[in-house]
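Peer 1: Input: one structure, supplied below.
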Amino acid sequence: MAGHADSGRLGKKSSEAADELHTFNAENMQSNMKIIYYSRTFLSIIGGVIAGILGFTGLTGFVFYFLIMAIASVGLIAKAKFSIHSYFDCWNRILLDGFTGGLLSFVLFWTFAYDIVHIF
């Protein structure tokens, strides 16, 4: 993942650096957001297929989806070395972005895999 711009930090004292606001490179932020969307979509598809094959129905399948998204969030935070503000402007970016789009993909592949394995 790409970090924020640190170009003017080298010559400043530590007290001045603590008061400085973080500046983010727009290209790096866009790249980081793409990584989040792609990883959540991929995990949603794989999770939907697994939920369908295992035969989850109703609320159990949705709990499985929330578990997958929680694991994905923890994985992304670990990938950022637990320094979220170096790569994103707020916590919501890594915790909630891509959540709804992933849910639709999950339900699509969940029902598809369930129908193939358990109905046909």
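Peer 1: Run down Ile50, Ile46, Ile77 and say which single residue is of a type in the set (Val, Ile, Thr) and either at pLDDT below 95 or open to solvent by less than 50 Å² (accessible area, probe 1.4 Å) (or both).
Peer 2: Ile77
Peer 1: I'm checking my understanding of the structure. Among residues of the range 87-108 that are touching a residue at least 60 places away in the same chain (Cβ under 8 Å) and open to solvent by less than 60 Å² (accessible area, probe 1.4 Å), which one is farthest from Asn25 (Cα to Cα)?
Peer 2: That would be Phe106.
Peer 1: Residue check, Ser83 against (1) surrounded by fewer than 15 Cβ atoms within 10 Å (Cβ to Cβ); (2) hydroxyl-bearing (Ser, Thr, Tyr); (3) touching a residue at least 12 places away in the same chain (Cβ under 8 Å), all met but one. Which one?
Peer 2: (3) is the only condition that Ser83 fails.
The values are calculated or read from the model by the stated rules, or taken from the named source; none is laboratory data. Small disclaimer: the values here were computed from a predicted structure and weren't measured. Positions of Cβ are backbone-derived with ideal geometry, glycine not excepted, and every protein chain shown enters the neighbour counts. We work out accessible area using only protein heavy atoms, side chains counted, and drop any ligands, DNA or RNA first. Shrake-Rupley method; radii C 1.70, N 1.55, O 1.52, S 1.80 Å.
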